[in-house]
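Some notes on the structure that comes next.
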Amino acid sequence: MAAPLLGRKRELADLRRLFVEGARLVTVTGPEGVGKTRLARDFAREHGGVVVLDDARPKDVGEEPTIATAREPLGVAGEQVYRLRPLGEAPAIELFREHAPGLDASYVELAERVRALGRLPGAIERAAAESQA
């Protein structure tokens, strides 16, 4: 089983609210490595009955409740767009530490590192793994 999703409780609640309010298609957008796929999969695992379309295209969308991931909105009728932002500083540092448990670095040093990585989970995970090599 995957590790718990760090720093995304509010985002999961936002997605839940969109579907409760009647959305049939929510497209999670954002830059590469921001965590769109992980957020969508975790949401679908917690809330069954939702299809996940990773790196979706408009022609992929059906009638069932769907959470799609894409760098830009799909432009499909009825689409709700959810822009995913980078992690906050504290969760970004926690993620780095989780993936580099033996690293001896201060909070300030890690804050500078994750800031330089744009607080993007994908970049943080790669950099943490490289620091362990």
- Note on the structure: For the stretch 35-40, in residue order, the Karplus 3J(HN,Hα) values (coefficients 6.51, -1.76, 1.60; θ = phi - 60°; whole Hz; Gly and Pro = x) are x, 4, 5, 4, 4, 4
- Reciprocal of mean inverse Cα separation for the stretch 4-109 (Kirkwood radius, Å): 14.7 Å
- Query: Points 7 angstrom from Cα along the Cβ direction at Leu103 and Lys9: gap in nanometres?
  - Reply: 2.4 nm
- Could you give the semi-axes, largest first, of the ellipsoid that matches the stretch 89-132, computed as the square roots of 5 times the alpha carbon gyration tensor eigenvalues and rounded to whole Å? 13, 12, 8
- Once Lys and Arg are counted +1 and Asp and Glu -1 for all other residues with Cβ under 14 Å from that of Ala23, the total becomes -2
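Based on Cβ point charges of +1 for Lys and Arg and -1 for Asp and Glu, what charge dipole magnitude is obtained for the stretch 89-132 about its Cα centre, in debye rounded to the nearest 20?
140 debye
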- Query: Between exposed GluC sites (Glu not before Pro) in the chain, where DSSP calls loop and at most 14 other Cβ atoms lie within 10 Å, what's the longest gap?
  - Reply: 64-133
- Task: Would you mind checking which residues have amide H under 5 Å from Val51's amide H? H placed 1.01 Å from N; only 5 or more apart, or other chain.
- Result: Thr66, Ile67
- Task: Rounded to the nearest Å, what's the spacing between the alpha carbon centres of the stretch 1-41 and the stretch 44-96? Just the number, please.
- Result: 6 Å
- Message: Relative contact order of the stretch 89-132, please, whole-number percent, based on alpha carbon pairs below 8 angstrom and at least 6 residues apart.
- Response: 54 percent
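Bear in mind these aren't lab numbers, they're just calculated from the coordinates by the rules spelled out. This structure is a prediction, so every number in the text was calculated from the model and none was measured. Cβ coordinates were reconstructed from backbone atoms using ideal geometry, including for glycine residues, and neighbour counts include every protein chain displayed.
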